[in-house]
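Note sheet for the following structure.
Rule-based calculations on the coordinates, nothing more; no lab input. Since the model is a prediction, treat every value here as computed from it, not as a measurement. For neighbour counting, all protein chains shown are included, and Cβ atoms are generated from backbone atoms with ideal geometry for every residue, glycine included.
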């Protein structure tokens, strides 16, 4: 591999002078802030929300640094992982010229963001076992391929990609490899976060939405070399993470034990539900899962989906997704949620026996 980040970053981004916020222009302690044209009298909510938030989210990054075992300089925080995805496109992909590779079925926002940014999308479908097709992948790469997007554990299939295959991509591609680890906390496979020193072209994405249970806050994480992180910080809006989100995230980071307990409960329920689904009539296959959901191949999947809606139960219909034909994606719910789902599916089978 002959990786040179300077050859990947867009010229206008390399020359970009980022917006300098009021809070960027001083260092040290201060008691009187008259620099940012805020409402000095406060706000209807709390006196703290009249001030702009920390543009660099340093307190969160310091806590994450201790948890993840990497320096804070390797951490970027986005308004959801979707902002991280968009910023990577805007930083490294020249509209109308460059291309990226995805491996469907996979997370849909890679394609949406490519289309928004006018970047060619090249598809290398997973093999029948939902693993990478390395030969096809190699054949799709050219001098204008800037990013390869890998999702592991994958959404919607739930499986982890073969680690050796991902390492092969990292070792042989001169562009950026993004490994989206949104569901890594539920997996047996270890994270790639600790491999950043070995792969200067690696970006690892994680999120507070899944294991941390903070989907409503919209807080995503990206881990990469300090150079890549600096580029993302240059392009992002100055105050991309609001004050309320920062405060709540800091509180959550103090509850690592509770989060680990929730992960264990969800994994145990997932593993207990798999044989229940496997025993149901018309269920053709339950795919192995390293996530907090299960992909189930089932006869009359669309009809089952529509019947569950009449019972007030919403799952994800994946029947029109290539390689996921006749499949439903089912999130692991509470014990009560799971019981209601199983009861409803059994009712469906009794009605259609």
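Taking the Cβ of each residue in 10, 302, 234 as the centre, tally the other Cβ atoms inside 10 Å and list the residues starting with the fewest.
In order of increasing Cβ crowding within 10 Å: 302, 234, 10.
Based on a Kirkwood Rh over C-alpha pairs, give the Stokes-Einstein translational diffusion coefficient of the range 257-351 at 25 °C and viscosity 0.890 mPa s in µm²/s.
It comes out at roughly 180 µm²/s.
Quick check on the chain: helices-only [θ] at 222 nm, where DSSP H runs of length 4 and up contribute -39,500 (n - 2.57) each and the sum goes over total residues. Nearest 500, please.
-10500 deg cm²/dmol
Nearest 10 degrees is fine. How inclined is helix 163-172 to the longest principal axis of the chain, computing both from alpha carbons?
40
Here are several values of Cα extents along the principal axes in Å: [x] 72, 53, 33; [y] 73, 52, 40; [z] 62, 48, 40. Which one was derived from the coordinates shown?
[x]
Taking R0 as 45 Å, what FRET efficiency do you get between residue 309 and residue 19 from their Cβ-Cβ distance, rounded to the nearest 0.05?
0.45
How much FRET efficiency would the formula 1/(1 + (r/R0)^6) give for residue 276 and residue 323, where r is the Cβ-Cβ distance and R0 is 22 Å, rounded to 0.05?
0.35
Is the range 92-155 best put as rounded, prolate or oblate by its Cα gyration tensor, with a ≥ b ≥ c the root eigenvalues, rounded for a/c under 1.5, and otherwise prolate when a/b is larger than b/c, oblate when not?
Cα axes put the range 92-155 in the oblate bin.
For each of 149, 48, 212, count neighbouring Cβ atoms within 10 Å of the residue's Cβ, then give the residues from fewest to most.
Placing the least packed residue first, the sequence is 48, 212, 149.
Is the C-alpha gyration tensor of the range 104-234 telling us rounded, prolate or oblate? Criteria: a/c under 1.5 is rounded; beyond that, a/b larger than b/c is prolate, otherwise oblate.
Cα axes put the range 104-234 in the rounded bin.
Any idea what diffusion coefficient the range 1-122 gets from Stokes-Einstein, in µm²/s, Kirkwood Rh on alpha carbon pairs, 37 °C, 0.692 mPa s?
182
Angle check, please: helix 301-310 long axis (alpha carbons) against the longest principal axis of the chain (alpha carbons), in degrees 0 to 90, nearest 10.
80
Rank by packing, highest mean first: peptides 155-162, 315-322, with packing defined as the count of other Cβ atoms within 10 Å averaged across residues.
Sorting 155-162, 315-322 by mean packing, highest first, produces 155-162, 315-322.
For a quick check, take a GNM of the chain with Cα springs below 10 Å and name the residue from 27, 113, 65 with the largest mean-square fluctuation.
In the Gaussian network model the winner is 27.
Tell me, 86, 128 in order of fewest to most beta-carbon neighbours within 10 Å?
128, 86
Roughly how far apart, in whole Å, are the Cα centres of the range 23-43 and the range 49-100?
If you average the Cα positions of each part, the centres end up 24 Å apart.
Against the longest principal axis of the chain, how steep is helix 243-253, in degrees 0 to 90 to the nearest 10, with axes from Cα atoms?
Its long axis makes an angle of about 60 degrees.
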